[in-house]
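The values are calculated or read from the model by the stated rules, or taken from the named source; none is laboratory data. Remember, it's a predicted structure, so these values are computed and weren't measured experimentally. Cβ sites come from the backbone with ideal geometry, for glycine too, and all protein chains shown count toward neighbours. These accessible areas exclude ligands, DNA and RNA; they are computed on the full protein's heavy atoms, side chains included. Shrake-Rupley method; radii C 1.70, N 1.55, O 1.52, S 1.80 Å.
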Amino acid sequence: MLKETSHSDQVVAELIGASKKFKSGNIEITALHKTDLTLKKGELLLIIGPSGSGKTTLLSLIGCVLYPTKGCVCIHGINTKELNDKELAGLRRKEIGFVFQHFNLISPLSSEENIMVPLILNKLSKDTVKEKVLQALSLVGLGQRKKSLPKQLSGGEQQRVAIARALVSDPSIILCDEPTASLDEESMEVVMKELSDLADSGKAVAIVTHDFRLKDYADRILFLENGRVIEEKGER
Ligand SMILES: Nc1ncnc2c1ncn2[C@@H]1O[C@H](COP(=O)(O)OP(=O)(O)OP(=O)(O)O)[C@@H](O)[C@H]1O
Ligand SMILES: [Mg+2]
């Protein structure tokens, strides 16, 4: 008899009662109230909410860029609390591609050098690195711009380099913070088509946005307000 794939086989990232508070001076801000969330293989999850609603905080918890104040984050069933810094860094490098809200490209490095950064720590031959970098750049339509510095690229092109950098190490989870913020309609469609193809190929993709145009590409949508998930739409 064929064994059915269980729900848990599909879950790649999970937040269990995870919350995040920040302290600045005497003030304590709850950026994210207690949240349960699963991100599954093959889905494109959209997280929509107004500015300050906790979207980047939520994505950073899934991406293990921030630790939760309470609760826990599991990646492929591993509770990240049980990992030391080195193990956590290894898990992040292997499993998670993060496109930050402010691209975070390194300004003195060209497009191809920026994309190479995550590969440097993996022991790959120079030729393999070059090939992977060119593949990732071509995927976002910037094969011709590998020698360009970030300042020589438009905002949208920089965003596409940041996406290529997140893809190059072939992570199972791709997290994008406002990936289409500075893109025109046509580039937005190119980027979103690429991200939904990645989800169809079995990656788990979570995208944070203000942009309601992205709704058409989502398998599931979470609406955030004041640090809480107030609504969820769609289920695969
Ligand atoms: N490092 C920090 N220190 C203090 N407060 C923070 C910090 N990071 C976020 N916050 C606060 O937590 C709340 C949620 O922030 P977050 O960046 O998650 O919002 P967001 O939904 O991503 O907003 P935007 O759409 O403007 O990017 C905000 O009130 C913000 O000021
Ligand atoms: Mg944000």
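Annotations
- Each Lys or Arg adds one and each Asp or Glu subtracts one; over the other residues with Cβ under 9 Å from the Cβ of Val12, this totals +1.
- Rounded if a/c under 1.5, otherwise prolate or oblate - the chain, Cα gyration tensor axes: rounded
- When the chain is treated as a GNM with alpha-carbon contacts under 10 Å, the residue of Ser24, Ser60, Ser148 showing the greatest mean-square fluctuation is Ser24.
- Most positive-pole-ward Cα, Val140, Ser111, Phe98, against dipole of segment 80-157 from beta carbon charges: Ser111
- Proximal lysines to Lys21, defined as alpha-carbon separation beneath 20 angstrom and excluding residues fewer than eight positions away on the same chain: Lys34, Lys55, Lys70, Lys81
- Rounded accessible area per residue of the chain, 1.4 Å, Å²: 52 Å²
- Rounded to 5, percent antiparallel among DSSP beta bridges of the chain: 55 percent
- Eligible lysines near Lys86 by straight Cα distance, threshold 18 Å, same-chain separation 8 or greater: Lys94, Lys123
- Rounded to the nearest 20, the size of the Cβ-charge dipole of the chain about its Cα centre is 780 debye, with Lys and Arg at +1 and Asp and Glu at -1.
- Average Cα contact separation per residue, the chain, under 8 Å, 6 or more apart, as relative contact order %: 29 percent
- Carbon/sulfur fraction of accessible area - the chain, other protein chains in place, 1.4 Å, %: 51 percent
- Three-way shape call for segment 29-142 based on the alpha-carbon gyration tensor, with the a/c threshold at 1.5: prolate
- Here the calculated FRET efficiency for Arg213 and Ser138, from their Cβ-Cβ distance with R0 = 25 Å, stands at 0.50, rounded to the nearest 0.05.
- All lysines inside 18 Å of Lys130 as judged from Cα atoms, apart from same-chain residues fewer than 8 positions distant: Lys146, Lys147
- Of all segments of the chain bounded by GluC sites (Glu not before Pro) found in a DSSP loop with no more than 15 other C-beta atoms within 10 Å, the longest spans 5-234.
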